[in-house]
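Here the structure is laid out as structure tokens; the discussion comes afterwards.
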Amino acid sequence: MQIGTFTLSNSFGWTGSIRILTIDAKIRLVLNDDRDGNNAPTFRFLVGNTRIGAA
């Protein structure tokens, strides 16, 4: 089952959408420019300007 699709954007990240039972959201994955170590997340997940996660 596929819950999301993403394409590479011009702003050093990805744009796409996630769609599951109660969520249908446009998501952006942007590089985390505040990384302070190797274990820090590389990307931030954003909906609009709100951060909803990291990976």
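Read-outs throughout are calculated quantities, based only on the coordinates presented, and are distinct from any laboratory measurement. Please read all numbers here as calculations on a predicted model, not as lab measurements. Positions of Cβ are generated from backbone atoms using ideal geometry, with glycine treated the same way; all protein chains shown enter the neighbour counts.
Details
- Close pairs (9 angstrom Cβ cut-off, 6 or more residues apart or separate chains): closer than 15 Å to residue 55 by Cβ in the range 4-19, assigned to a loop (DSSP other than H, G, I, E, B) and of a type in the set (A, V, I, L, M) anywhere: 4/20; 18/3
- Strands (runs of 3 or more DSSP E) within the chain that include 3 or more residues surrounded by 15 or more Cβ atoms within 10 Å (Cβ to Cβ): 13-19, 24-31, 43-47
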